[in-house]
Amino acid sequence: MNQNANPYAAAQTGRPGTIGCRVHYFTEVASTQDLARELARGGAGHGEVVVAERQTAGRGRLGRSWHSPAGVNFYGTFILRPAIPLAQVATLSLVAGVAVAQALETVAPRIVSLKWPNDVWLNGRKAAGLIAEAVTDSNHRLTAVLLGIGINLNLAAEDLPPDLSDKATSVLIATGNLCDRAAFADSLFANLDARYSETIAHGFDPVREIWLKYSALTGRRVTVVDGPKRIGGVVTGIDREGALLLDDNGVTNRILAGDVSIEGAYD
């Protein structure tokens with residue numbers, strides 16, 4: 001876990017309290033999420049981010065592994081210190097999704113969409129995933145949120161694992177263009193700081209309106225699987241708490257968690 005020359009140094013804001021104020025850069029870690037947790041418990045400030053060239057045990061939502069080859073993508077975990085109720089932590093992954101989508105627009109315009117709750121797509125295939133994990137004290141009070149973001153930037157098609165070849169993509173695959181990862185990180189930090197600050201100041205609703213414009217689900221029939229439960233319906237949007245809204249023959253179901261399967265898309 002050696003920390004070498006930081007290619008993301010130029011993207012650091014250097015301003016305490018802003019996202020990207022300090023970048024902890026590593027060539028290889030087990031998981032940026034785990035390292036960020038250690039730093040958060042040690043007092044790392046709001047906006048500090050752990051970035052790695054490669055993860056040996058990267059993970060995504062629901063404990064799934066995250067394919068993390070070296071030197072081509074962005075793998076990072078942001079330490080956030082929001083004064084919000086614990087129940088609102090999940091909303092921050094939706095806020096981050098909007099920031100990632102806006103950053104991707106700068107390198108892959110007009111092909112970006114969002115799949116509730118935590119995926120970002122390019123041309124209908126997954127290019128990024130997000131995870132928001134709460135850190136609490138002994139009294140179960142929120143002390144930090146660890147916002148993990150993995151984005152496929154310069155991953156080549158031949159380097160995708162066989163089981164992901166028809167489900168995943170990257171900026172390079174989708175556009176044919178290599179992405180300057182440091183410049184992209186600068187855009188990501190700025191967009192995330194803006195959307196996070198907006199949410200803290202005015203609530204989720206303004207960012208929700210942007211999220212809906214990127215939605216890959218609205219108007220589509222889906223099935224949501226949450227453990228033994230399966231709920232189907234047509235997506236009508238998300239509400240002010242970030243819940244997915246499904247219309248099932250005139251009855252609106254409010255979905256807080258689950259895996260979404262879309263007709264004609266991957267599971």
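Checking each residue in the stretch 97-120 for being in contact with a Phe, Trp or Tyr (Cβ under 9 Å, 6 or more places away or on another chain) and under 23 Å from Thr236 (Cβ atoms) picks out Gly97, Val98, Ala101, Val112, Ser113, Leu114, Lys115, Trp116, Val120.
Contact map, the stretch 69-85: residues that are modelled with pLDDT under 95 paired with residues that are acidic (Asp, Glu) and not in a loop (DSSP other than H, G, I, E, B), Cβ distance under 7 Å, separation 6+ or inter-chain. Pairs shown: Pro69/Asp159. Filtering Ala174, Ala168, Ala185 for residues that are surrounded by 12 or more Cβ atoms within 10 Å (Cβ to Cβ) and more than 20 Å from Ser93 (Cβ to Cβ) leaves a single hit, Ala174.
Selection of strands (runs of 3 or more DSSP E) fully inside the stretch 226-267 by the criterion of at least 2 residues being at pLDDT 95 or above returns 229-238, 244-248, 251-255. Residues in the stretch 199-249 that are charged (D, E, K, R) and either farther than 30 Å from His46 by Cα or buried (at least 17 other Cβ atoms within 10 Å of the Cβ) (or both): Arg208, Arg220, Arg221, Asp226, Lys229, Arg230, Asp247, Asp248. The set of residues in the stretch 182-204 being touching a helix residue (DSSP H, G or I) at 6+ places or on another chain (Cβ under 7 Å) and acidic (Asp, Glu) consists of Asp186, Glu198.
The lone criterion from (1) without any contact (Cβ under 8 Å) to a residue 60 or more places away in the chain; (2) under 16 Å from the mean Cα position of the chain (by Cα) left unmet by Asp226 is number (2).
Restricting Ala134, Ala216, Ala243 to those that are farther than 27 Å from Ala11 by Cα, of a type outside the set (Ser, Thr, Tyr) and under 16 Å from the mean Cα position of the chain (by Cα) reduces the list to Ala216. Are any residues in the stretch 26-53 surrounded by fewer than 19 Cβ atoms within 10 Å (Cβ to Cβ) and over 20 Å from Leu142 (Cβ atoms), and if so, which ones? Result: Thr27, Glu28, Ala30.
The values are calculated or read from the model by the stated rules, or taken from the named source; none is laboratory data. This is a predicted model, so every value here is computed, not measured. No Cβ is skipped: glycine too gets one built from the backbone with ideal geometry, and neighbour counts run over all protein chains shown.
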